[in-house]
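> Once you've had a glance at the structure underneath, I'll fire off some questions.
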Amino acid sequence: MNIAVLGAQWGDEGKGKIVDLLTPHFSIVARYQGGHNAGHTVYANGRKFVLRLLPSGILHEGVTCVIGNGVVVDPQALFAEIDEISAAGIVVGDRLVISDKAHLILPYHRELDLLSEARRGERKIGTTSRGIGPAYEDKIARRGVRVGDLANPGSLRDAVEHNVAARNRIIGDSVMDARVVLDDLARAWQRMRPWVADVSLFLDRARTDGRAIMFEGAQGTLLDIDHGTYPYVTSSNATIGGVCTGLGVGPRAIDGVLGAAKAYTTRVGEGPLPTELTGEMGNRLRESGQEFGAVTGRPRRCGWYDAVAVRYAVRVNGLDGLALTKLDVLDGLPELQVCTAYRCRGSVLHEMPGELAHLTACEPVYETLPGWTAPTRGVREFKRLPAEARRYVARLEEVTGVPAAIISTGSAREDTIVREDSVAGRWFAR
Ligand code: GDP
């Protein structure tokens, strides 16, 4: 079985933990989009790891990790991450495969990211300023530099000189020296070279050999460049189509799709968030859910579970089931609200509106459910959840139309309920 695990909300759904938990069922974990703006927090061997670019499968011995062509790679960030996990005793060795078609993030991309965000002023997107957006811009404009180009110093020099000259015209108050960039890239190539391969071919052969692949998404459905709340989105396709384009695999290579969703909603940066809670309750969710960005430390905006948004993710990705995370964060709340529809300009909507102005004008229609007093934190069997928590989960399943195949009740791997009777649960039944 090859399964995709991706975000069903606005990112930070706890995909890192779910991917890590499921990795023992797979031989390969492949990332298909994004860059080192994603921050997956995983607790393993009693330590906390924040993985940005490397798939979280790297923490498991014997698992090969793939960085697809849809990912943008900052070589320095990649090496820093490899050095960090190596220092913790995790050997990367030959367990990494990087696509020769992946685009590189170069020093001028980071500068241009900061500059364009500053120029947007009030209309800023809230990017992580790591150069990801400008690297994707260069890719689409067909002037990007790919990992495989590092093997051809002549054409690499032409491309870098051209791009650095363009940067120097835009940022007039300092001059970047293309030779310095090229020297850094020459060193980066020496280190990266053994890992670089044709990822599409690698995955095809792996499938022929019967190796199971997990496709790991970064960010989330509502941040997808096409299907998210444009323009407040990331620069890549976080949704299921990104698996095919970002790795060079056909759709039939994907046997199932699992969406990660929190038992409430969060979002980082700007853009609409219909169920946002700005008062006391928002603070309560942020504090107990530790909702601060794994990479940037930025406080996340918090709100009630938005079933309209998750239903949308079910449709766009063809989700078979959900991994419902952070149920324990709701422990002790007297009552809970679930947004089942939007009220917008006098009418009730059951589907996510495509137009930003429309979505911005939406008010949530809430349904109130009782909270629970006994903790769910650390509960590992469905039947041991408080009755109200079981009811809450059952209602979320009804309003989203898919089963909660996995329920997470804490950040540790073990604090998880895998519901083997659900469709997705059966994939992972031991
Ligand atoms: P990702 O980018 O989707 O992997 O999400 P993040 O890593 O940014 O955020 C998830 C955070 O929630 C991490 O700190 C996890 O350790 C933590 N986490 C994941 N699942 C649970 C859970 O069920 N309960 C609690 N309390 N924390 C969780």
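> Can you tell me the FRET efficiency between S288 and D94 if r is taken as the Cβ-Cβ distance and R0 is 41 Å, rounded to the nearest 0.05?
0.45
> Starting from the amide H of G228, placed 1.01 Å from N in the peptide plane, find each other amide H under 5 Å away whose residue is 5 or more places distant or on another chain.
Residues meeting the amide H criterion: none.
> Among 405-411, 215-221, how do they line up from the highest to the lowest mean number of other beta-carbon atoms within 10 Å?
Highest mean packing first, the order is 215-221, 405-411.
> Next question. Step through the residues of segment 163-169 one at a time and calculate ³J(HN,Hα) from phi using the Karplus curve (6.51 cos²θ - 1.76 cosθ + 1.60, θ = phi - 60°), rounding each to whole Hz and writing x for Gly and Pro.
So the J values, rounded to whole Hz, are 5, 5, 4, 5, 4, 5, 6.
> Okay, moving on. Helix-only mean residue ellipticity at 222 nm, the chain, DSSP H runs n ≥ 4 weighted -39,500 (n - 2.57), per residue, nearest 500. What is it?
So the calculated ellipticity at 222 nm is -9500 deg cm²/dmol.
> If you don't mind, another one. I'd like the carbon and sulfur percentage of the solvent accessible area for segment 380-430, probe radius 1.4 Å, heavy atoms only, ligands and nucleic acids excluded.
Solvent-exposed carbon and sulfur of segment 380-430 make up 44 percent of the total.
> Let me ask something else. What are the ³J(HN,Hα) values, in whole Hz, obtained from phi via the Karplus relation 6.51 cos²θ - 1.76 cosθ + 1.60 with θ = phi - 60°, for each residue of segment 414-424 in sequence order, with x given for Gly and Pro?
Working through the residues one at a time gives 6, 7, 8, 10, 9, 8, 5, 7, 8, 4, 6 Hz.
> Something else: Only sites in a loop by DSSP and with at most 12 other Cβ atoms within 10 Å count here; which GluC sites (Glu not before Pro) in segment 1-106 make the cut?
E61
> List every residue whose amide H lies under 5 Å from the amide H of G318, counting only residues 5 or more places away in sequence or on a different chain, with H placed 1.01 Å from N in the peptide plane.
Counting only residues 5 or more places away or on other chains, the set is empty.
> Shifting gears a bit: Whenever you get a sec, compute what percent of the accessible area on segment 103-192 sits on carbon and sulfur atoms (1.4 Å probe).
Answer for segment 103-192 is 51 percent, counting heavy atoms of protein chains only.
> Could I have the simple spin-label model distance between T245 and H60, label points 7 Å from Cα toward Cβ, reported in nm to one decimal?
Rounded to a tenth, the inter-label distance reads 2.9 nm.
> Once both axes come from the Cα atoms, what is the angle between helix 307-317 and the longest principal axis of the chain, in degrees from 0 to 90, rounded to 10?
Result, in degrees: 50.
> Using a probe radius of 1.4 Å on heavy atoms only, what accessible surface per residue do you get for the chain? Whole Å² is fine.
41 Å²
> Amide H to amide H under 5 Å from L349: which residues, 5+ apart in sequence or cross-chain, H placed 1.01 Å off N in plane?
Hits under the 5 Å cutoff: Y342, R343, C344.
> Something else now. Any idea how far the Cα center of segment 375-430 sits from the one of segment 225-250, in Å?
28 Å
> Which order, highest average first, do 130-139, 21-30 follow once you tally other Cβ atoms within 10 Å for each residue and take the mean per peptide?
Taking the mean over residues of other Cβ atoms within 10 Å, the ranking is 130-139, 21-30.
> Could you rank the peptides 85-95, 64-74 by their average count of other C-beta atoms within 10 Å per residue, with the highest value first?
64-74, 85-95
> With the contact rule set at Cα under 8 Å and sequence spacing of 6 or more, what percent relative contact order holds for the chain?
19 percent
> I would also like to ask the following. Shape call for segment 103-192 from the C-alpha gyration tensor, a ≥ b ≥ c root eigenvalues: rounded (a/c under 1.5), prolate (a/b greater than b/c) or oblate?
Working: a/c = 2.14, a/b = 1.68, b/c = 1.27.
Cα axes put segment 103-192 in the prolate bin.
> How much net charge surrounds G144 when only the other residues with a Cβ under 12 Å from the Cβ of G144 are counted, with Lys and Arg +1 and Asp and Glu -1?
+2
> Count of lysine pairs in the chain with Cα atoms under 28 Å apart, counting only pairs 8 or more residues apart in sequence or on different chains?
So the count works out to 19.
> Residue by residue through segment 269-277, what is 3J(HN,Hα) from phi via Karplus (6.51 cos²θ - 1.76 cosθ + 1.60, θ = phi - 60°)? Round to whole Hz and write x for glycine and proline.
Those phi angles translate into x, 7, x, x, 8, x, 9, 4, 10 Hz.
> I want to verify a result. In a Gaussian network model of the chain, Cα cutoff 10 Å, which of these has the top mean-square fluctuation: Q33, Q190, Q337?
Q190
> Just to confirm my numbers, what's the Cα centroid distance between segment 58-114 and segment 32-57 in Å?
Here the two parts' Cα centres lie 11 Å apart.
The values are calculated or read from the model by the stated rules, or taken from the named source; none is laboratory data. Since the model is a prediction, treat every value here as computed from it, not as a measurement. Glycine gets a Cβ as well: all are built from the backbone with ideal geometry, and neighbour counts include every protein chain shown. Heavy atoms of the whole protein, side chains included, go into the accessibility calculation; ligands, DNA and RNA do not. Shrake-Rupley method; radii C 1.70, N 1.55, O 1.52, S 1.80 Å.
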